[in-house]
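Values in this text are rule-based calculations from the coordinates and carry no lab data. Quick caveat: nothing in here was measured; it's all calculated off a predicted structure. So basically every Cβ, Gly included, is an ideal-geometry build from the backbone, and we count neighbours across all protein chains shown.
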Amino acid sequence: MSLRCWRGKLSAWAALALLVLCWFYVFPFYKLPRDKDVVEEVLRQRGDWKKNASAIGLYRKLLTECCDPKRMFAVTRENSPLGKVLWYDGEFYYSHTVDNQTYSLFVKNNPLQLPLKKCAVVGNGGILRHSKCGRDIDQADFVMRCNLPPLSAEYVEDVGTKSNLVTANPSIIEKRFQSLLWSRKPFVDYMKAYGSSYVYMPAFSMRPGTEPSLRAAYTLADSASNLTMLFANPDFLYSVGRFWKSRGVHAKRLSTGLFLVSLALGLCEEVTVYGFWPFSVDLRQMPISHHYYDNILPYKWFHAMPEEFVKLWQLHKSGALRVRVGQCLHPEAGN
């Protein structure tokens with residue numbers, strides 16, 4: 001057989017192998033838990049939670065070693081000086097070089113008053129509807145919320161009002177506020193619900209998200225808002241993604257919620273999560289909406305939220321954090 005023929009066959013096999021790898025990356029072969037199985041597991045275990053200082057310390061140590069959340073969770077002038085190349089964690093072939101324009105928007109260093117004590121990480125799951133968890137959430141020392149959720153009066157009893165850090169995906173700025181290319185007043189008015197929170201945006205994760213994120217920062221600055229913009233450090237996001245991938249989370253990208261839980265585990269002495277429930281039924285096997293405020297479903301191949309919940313429940317059982325599912329009427333009963 002000629003050398004050219006061998007090369008042709010090798011190229012064909014290489015192309016086939018690459019195609020198979022890409023297929024399993026986009027459509028990984030693993031079995032997601034059934035909703036019914038998860039409900040039964042939670043009902044069996046949810047009353048047995050006990051804080052485990054050793055487990056909390058272990059995860060803080062692991063996250064510090066891999067990801068250094070205290071120094072790296074946000075882009076700062078300290079960790080990202082002028083001229084530094086920020087590689088997009090969601091688009092590995094593209095980067096942003098820190099210039100005078102972006103550098104001026106960075107905080108000097110980590111602005112959080114560490115250590116954070118009792119932290120609540122609040123997802124937006126439909127399981128929060130009628131949960132009456134608002135008071136419990138507001139009693140936390142530091143409250144983190146996901147993706148600019150509504151905190152209007154009709155939801156206060158279930159989700160509370162307190163907010164110390166809230167994430168904002170650029171896609172929300174694009175879809176809900178027309179990328180801030182027209183009137184910016186609706187955005188400014190909406191953001192007043194978060195008081196003096198930190199707004200945490202992944203401006204350097206995907207190239208299309210950079211401009212809307214910068215516009216959001218300028219809009220808040222121009223409106224003399226009490227909010228402080230923090231840009232997620234792409235090195236931190238990439239490291240956290242690798243951390244969970246090495247522990248069996250199969251997803252193209254982690255959810256915002258798991259990123260926030262990772263941050264809380266690295267910075268807080270005690271973590272309780274609410275509203276993390278990516279299943280179609282509640283603990284009574286009754287249908288629920290995807291979010292507590294709507295039923296818009298995520299792109300199912302982008303995140304692996306049921307699998308993420310299973311990991312969170314494992315942390316719950318180990319005592320590293322507490323997952324609150326169901327109603328918060330009687331905390332002493334372990335709901």
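Sorted by average packing, counted as other Cβ atoms within 10 angstrom per residue and highest first, what order do 107-118, 311-322, 228-239, 173-184 take? Please list the in-between numbers first.
Working: 107-118: 13.1, 311-322: 18.8, 228-239: 21.9, 173-184: 15.2.
Ranked by mean Cβ neighbours within 10 Å, highest first: 228-239, 311-322, 173-184, 107-118.
Taking 13 Å as the straight-line reach from the Cα of LYS317, the aspartates and glutamates in range (excluding those fewer than 8 positions away in the same chain) are GLU41, ASP48. Here's how it looks for LYS84: its modeled amide H is under 5 Å from those of VAL98, which are all 5 or more places away or on a different chain.
Near TYR200, the amide H atoms lying under 5 Å from its own belong to VAL166, THR167, ALA168, LEU230; only residues 5 or more places off or on other chains count, and H is placed 1.01 Å from N.
What order do you get for 278-291, 193-206 when each peptide is scored by the mean count of other beta carbon atoms within 10 Å, highest first? Walk me through the intermediate numbers first.
Details: 278-291: 16.1, 193-206: 20.9.
The densest-packed peptide leads the list: 193-206, 278-291.
Shape class for the range 54-211: oblate, because the ratio a/c of the largest to smallest gyration tensor axis (alpha-carbon atoms, square roots of eigenvalues) is 1.5 or more and b/c is at least a/b. Comparing Cα centroids, the range 214-243 and the range 40-113 end up 12 angstrom apart. The 3J(HN,Hα) values that the Karplus relation (6.51, -1.76, 1.60; θ = phi - 60°) gives for the range 270-279 are, in residue order, 8, 10, 10, 10, 10, x, 9, 7, x, 10 Hz. Gly and Pro appear as x. Rounded, prolate or oblate: pick one for the range 200-242, where a ≥ b ≥ c are the square roots of the eigenvalues of its C-alpha gyration tensor, a/c under 1.5 means rounded, and failing that, prolate if a/b is larger than b/c, else oblate. Oblate. Averaged over residues, the count of other Cβ atoms within 10 Å places the peptides 59-68, 78-87, 132-141, 161-170 in the sequence 161-170, 132-141, 59-68, 78-87, highest first. With an a/c value of 1.5 or above and a/b not larger than b/c for the gyration tensor axes a ≥ b ≥ c computed over the alpha-carbon atoms, the range 76-116 is described as oblate.
Rounded to the nearest 20, the size of the Cβ-charge dipole of the range 84-218 about its Cα centre is 180 debye, with Lys and Arg at +1 and Asp and Glu at -1. Based on Cα contacts under 8 Å between residues 6+ apart, the range 74-233 shows a relative contact order of 22 percent.
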